Amino acid sequence: MKREGPIRYSRQQVDRRCKKLAKKRLVDHLGNGVYVITEDGELYLEGRLDTEDWQYIEEEVNNKLDNESIEDTDTDS
């Protein structure tokens, strides 16, 4: 990947990709080729949204921790 200078992608390539991201609601199309990133888009970039099954990563971790604590209390009895 290029580290400096302009990245050479055509407007059509960028528009095509942004349309796909908009369908997934990771960006919103404002018109005239202008897009803005959504909250889910930010979470995805931060690694906190799994787009494979559309689960928020924190929810998965919290659910696993909750299940483990329930199992621990069950085995303590």
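The table for this structure:
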{"item": "Relative packing of peptides 4-10, 35-41 - highest average C-beta neighbours within 10 Å first", "result": "35-41, 4-10"}
{"item": "Shape call, the range 1-51: gyration tensor on alpha carbons, a/c limit 1.5", "result": "oblate"}
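Since every read-out is calculated from the coordinates, none of them should be taken as a lab result. All of these numbers come straight from a predicted model, not from anything done at the bench. Counting neighbours? That spans all protein chains shown, and the Cβs are built from the backbone with ideal geometry, glycine included.
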